[in-house]
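First up is the structure itself, then whatever we jot down about it.
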Amino acid sequence: MARNGKPRLSVFKGREAKLNKAILHILALESGLSIRQVCRKVRTYKGLEHTRYRVVNRRIKALEQEGCLELVEAKKTWQGFKAKHYELTVKAYLALAIETVDFEALLNSEKQEKMAALLASILDIATSF
């Protein structure tokens, strides 16, 4: 648990948390980007201005191994190289949603029907393991 009472997901823990979050936000806004395009956009984030391409490349490969990213296509660039384009999976969208939800406000919500549906969905997923 984090200090504010929210659970911290493994994607957003450790040394690479800030870069992971930046990569996921970039790909959530613009899907189907190459590693070089993601790297250029990462460098616009505060604190990540001097991030090297190889670090972003390594993070994207790790996020792909974790199941957060998937390869969409490999396009040939005008220089003659093949550039792999990535997009987020459902797991990554869910991780971003969980990261932004205020659970205290959710529990204090007046929408009982929606909370019951959410509880049913969570229990259905939890019991299917």
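The values are calculated or read from the model by the stated rules, or taken from the named source; none is laboratory data. Here the structure is a predicted model, which means the values were calculated and not measured. As a convention, Cβ positions derive from the backbone with ideal geometry for all residues, glycine included, and neighbour counts pool all protein chains shown.
Observations, loosely collected:
- The residue pairs whose first member lies in the stretch 1-29 and is closer than 21 Å to residue 57 by Cα and polar (S, T, N, Q), whose second member is modelled with pLDDT of 85 or more and in a loop (DSSP other than H, G, I, E, B), and whose beta carbons are closer than 6 Å, counting only pairs six or more residues apart or on different chains, do not exist in this structure.
- For residue 66, the conditions (1) touching a residue at least 40 places away in the same chain (Cβ under 8 Å); (2) closer than 18 Å to residue 30 by Cα all hold with the exception of (2).
- Set side by side, the residues 96, 106, 118 differ, and just one is surrounded by 11 or more Cβ atoms within 10 Å (Cβ to Cβ), in contact (Cβ under 8 Å) with a residue 24 or more places away in the chain and within 22 Å of residue 8 (Cβ to Cβ), which is 96.
- Residue match in the stretch 48-57 (condition: surrounded by fewer than 14 Cβ atoms within 10 Å (Cβ to Cβ) and of a type in the set (Phe, Trp, Tyr)): no
- Residue match in the stretch 25-35 (condition: closer than 25 Å to residue 125 by Cβ, loosely packed, with under 12 Cβ neighbours inside 10 Å and at pLDDT 90 or above): no
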